[in-house]
Amino acid sequence: MINIKLNNGIEMPILGLGLYKITDKNELENAFKCAIEAGYRKFDTAQFYDNEKELGEAIKKTGIKREELFITTKIWNTKQGYNSTRKSFEESLEKLNMDYVDLVLIHWPGQKKERYLDTYRALENICQSKKAKSIGLSNFEINNLKDIFAHCNIAPVINQIERHPNLPRNELVEFCKNHNIAVEAWSPLGRGKLLDDKTIIDIANKYNKTPAQIILRWNIENNVVVIPKSVNSEIIKENINVFDFQLDKNDIEKINALENGYRVGPDPLTFDF
């Protein structure tokens, strides 16, 4: 596993398991156990996913040491604001059965600047109290990031965004990197849509890899963190097996050419709550 170093000096695995709305207890426990055995140590949950409690129980059942794991959660939209963020974060810790998380993010900026600035101020307080080792953002656009930079005392370490070959977000990625913020891709496989793309399939055949492995590797070679989601044990194992090959320049350019603006999630520029 490759680690990346965040701007606060903490290291984080470049690949983890996304837990988006996996709410069945047995399904999550089985996926977690399989992931641990395959070498995953980074797990991405959120208040909205409704599985923080199940993740905490899966960790306890597996018996893996807490310090070996990198756990991310996110503050949901209805919990934003200074006081409600702090309160809901304490509830998340309780559900996870943890004293701290490795990373907590604001899930969406929405369209109210003061709201997400208040929420970020709460994250800074949480970080100062050592209940989160790192703080960051999710789905923040360049103007949102500039607002945070203008007011923050603790720099965000990461921006988690929808990113895949159809939606590479090159300008936003470049902006984040220029400001020493890591980029993390949610839905890196475009919710599976890209697995049937002929260009991706042809490249996969060339390297004797699966289409998913090719797309994950494309992100990793851009130094973008990936959190593919699966509850299938074979796919969980397959998705982490991406560190034994490199894509050549021509193949990277072919994947880059798949950009078409297709989204699987809301547009942060217009999404509000």
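The values are calculated or read from the model by the stated rules, or taken from the named source; none is laboratory data. Please read these numbers as outputs of a predicted model, since none were measured by experiment. Because the Cβ atoms are built from the backbone with ideal geometry, glycine has one as well, and the counts that use them run over all protein chains shown. Note: accessible area is taken over every heavy atom of the protein model, side chains too, but ligands, DNA and RNA are not part of it. Shrake-Rupley method; radii C 1.70, N 1.55, O 1.52, S 1.80 Å.
Within this structure, E162 fails the test of being more than 22 Å from F48 (Cβ to Cβ) and acidic (D, E). The lone criterion from (1) among the basic types (K, R); (2) within 30 Å of R115 (Cβ to Cβ); (3) modelled with pLDDT of 95 or more left unmet by R191 is number (3). Checking every residue in region 53-70 against the condition of being closer than 24 Å to V242 by Cβ, in a loop (DSSP other than H, G, I, E, B) and within 19 Å of the chain's Cα centre (by Cα) gives at least one match. The residue of region 35-48 that is nearest to P188 (Cα to Cα), among those that are of a type in the set (D, E, K, R) and touching a residue at least 12 places away in the same chain (Cβ under 8 Å), is D44. The set of residues in region 1-53 being out of contact with any Asp or Glu (no Cβ under 7 Å at 6 or more places or on another chain), basic (K, R) and closer than 20 Å to Y100 by Cα consists of K42, K53. Checked against the criterion of being assigned to a loop (DSSP other than H, G, I, E, B) and among the aromatic types (F, W, Y), the candidates F140, F149 yield just one match: F140. Out of the residues in region 154-174 that are open to solvent by 10 Å² or more (accessible area, probe 1.4 Å) and part of a loop (DSSP other than H, G, I, E, B), state the one that is farthest from I126 (Cα to Cα). If we take residues in region 154-174 being open to solvent by 10 Å² or more (accessible area, probe 1.4 Å) and part of a loop (DSSP other than H, G, I, E, B), then R169 is farthest from I126 (Cα to Cα).
Answer yes if at least one residue in region 80-88 is in contact with a helix residue (DSSP H, G or I) (Cβ under 6 Å, 6 or more places away or on another chain), assigned to a helix (DSSP H, G or I) and open to solvent by less than 20 Å² (accessible area, probe 1.4 Å), and no otherwise. Walk me through how you get there before you give the answer.
Residues of region 80-88 in contact with a helix residue (DSSP H, G or I) (Cβ under 6 Å, 6 or more places away or on another chain): 80-82, 85-86, 88.
Subsequent filtering for residues that are assigned to a helix (DSSP H, G or I) retains 82, 85-86, 88.
Pick out the ones that are also open to solvent by less than 20 Å² (accessible area, probe 1.4 Å) and you get 85, 88.
Yes, there is a match, as at least one residue in region 80-88 is in contact with a helix residue (DSSP H, G or I) (Cβ under 6 Å, 6 or more places away or on another chain), assigned to a helix (DSSP H, G or I) and open to solvent by less than 20 Å² (accessible area, probe 1.4 Å).
Selection of region 93-120 for residues being buried (at least 23 other Cβ atoms within 10 Å of the Cβ) and touching a Cys at 6+ places or on another chain (Cβ under 9 Å) yields V104, Y120.
Note on region 161-176: among residues that are within 17 Å of the chain's Cα centre (by Cα) and of a type in the set (A, V, I, L, M, F, W, C), the one that is nearest to L194 (Cα to Cα) is L167. So how many residues does region 49-79 have that are in contact (Cβ under 8 Å) with a residue 12 or more places away in the chain, within 22 Å of L15 (Cβ to Cβ) and open to solvent by 30 Å² or more (accessible area, probe 1.4 Å)? Qualifying residue count for the region: 4.
Remark: pairs (first residue in region 174-193, among the aromatic types (F, W, Y); second residue open to solvent by 30 Å² or more (accessible area, probe 1.4 Å); Cβ separation under 8 Å; 6+ apart in sequence or on different chains) = F175/I142; W186/Y20. Restricted to helices (runs of 4 or more DSSP H) entirely inside region 175-273, those with at least 2 residues that are under 20 Å from E11 (Cα atoms) and open to solvent by 10 Å² or more (accessible area, probe 1.4 Å) are 211-221. Considering V242, V224, the condition of being among the hydrophobic types (A, V, I, L, M, F, W, C), in contact with a helix residue (DSSP H, G or I) (Cβ under 9 Å, 6 or more places away or on another chain) and under 30 Å from N77 (Cα atoms) is satisfied by V224 alone.
Can you tell me how many residues within region 1-49 are among the hydrophobic types (A, V, I, L, M, F, W, C) and assigned to a strand (DSSP E or B)?
Restricting attention to region 1-49, the residues satisfying the condition of being among the hydrophobic types (A, V, I, L, M, F, W, C) are 1-2, 4, 6, 10, 12, 14-15, 17, 19, 22, 28, 31-32, 34-36, 38, 43, 46, 48.
Filter once more, so that each one left must be assigned to a strand (DSSP E or B): 4, 12, 15, 17, 43.
Going through region 1-49 one residue at a time, the tally reaches 5.
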